[in-house]
Amino acid sequence: AMGQAPGEPGIGPPSITVTGAGEVQAKPDFAQVQVGVVTEGATAAEAMRKNNEAMSQLIAMIRKRGIEERDLQTIQFNVSPRYKYDKDHREPPKIAGYQVTNEVQVKVRDMTRLGAFLDEMVSVGANQVRGISFGVAEPAKLLDVARRKAMADAQRRAQVYAEAAGVRIGKPVRIEEQAGGRPVPYPVARMEAAAAPSVPVAPGEQTFTVNVTVSYAIVDAK
């Protein structure tokens, strides 16, 4: 849109304001997977013992594969009773056993090993793999590329408006980056415990988008 003439109250010098967009694609270089063990037992202690044994095996395997401490985090630990309900609803529900859930989030930085890593986790007892998400470890440089593209796009758009309006534009008088700039979250892949012999993993690409609003001063008419 073209600005108003100078001299009007509260209005700046005449300008053209446009929004430019810049995009850059990148292959993810790490994956995060939420994996855990769900066990059941007649008592809470029994369910806990089973869970501790299975989780110990799982975590030993994860560490053996070179996962660092900083990339392994407990995200859920839960002990809950399982109830047995009377079919006729005459009796109150009775505790029939206990269920223990222990879940960790693992960051895998070696993407070439991800499929085999998922296979191994299931083979050593992981019966809950809730999702995989992908990311780029250092997006700052990618975002800078997108910013340059967005600025070039804004310049091009402003030039088109200026030519159509018969005016000439000068330097930008206002540059404002729009909120955002992070990649659109990759659709979370979900899989059940019965994993395929070799889990296929398709990380695809992530798109980093930057939008910038730029006001160019109108220097003079042609």
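Quick notes on this one:
- For the residue pairs K50/K94; K84/K107; K64/K94; K64/K149; K50/K107; K27/K64, alpha carbon separations beyond 32 Å are given by K84/K107; K64/K94; K64/K149.
- Only the Cβ atoms of Lys and Arg (+1) and of Asp and Glu (-1) were treated as charged; on that basis the dipole of the range 78-166 about its Cα centre amounts to roughly 160 debye.
- Sequence of M48, M121 when ordered by accessible area, the most exposed leading, probe 1.4 angstrom: M48, M121
- Taking amide H as placed 1.01 Å from N in the peptide plane, V136 has its amide H under 5 Å from the amide H of D29, each at least 5 places away in sequence or on another chain.
- Karplus-derived 3J(HN,Hα), 6.51/-1.76/1.60, for each residue of the range 61-68, Hz, glycine and proline x: 5, 4, 5, 5, 7, x, 6, 7
- The overall shape of the range 1-130 is oblate: from the C-alpha gyration tensor, with semi-axes ordered a ≥ b ≥ c, the ratio a/c is 1.5 or greater and a/b is no larger than b/c.
- Approximate spin-label separation D71-R130, in nm, with each point projected 7 Å along Cα-to-Cβ: 2.1
- Proportion of all alpha-carbon pairs of the range 32-74 beyond 14 Å (%): 54
- Full-extension gain in nm, T207 to A42, via 0.36 nm per residue minus C-alpha separation: 54.5 nm
- Prolate/oblate/rounded call for the range 65-126, Cα gyration tensor, a/c under 1.5 rounded: prolate
The values are calculated or read from the model by the stated rules, or taken from the named source; none is laboratory data. Quantities reported herein were computed from a predicted structural model and do not represent experimental measurements. Backbone-built Cβ (ideal geometry, glycine too); neighbour counts: all protein chains shown. Areas reflect the complete protein model, heavy atoms only, side chains present, ligands, DNA and RNA absent. Shrake-Rupley method; radii C 1.70, N 1.55, O 1.52, S 1.80 Å.
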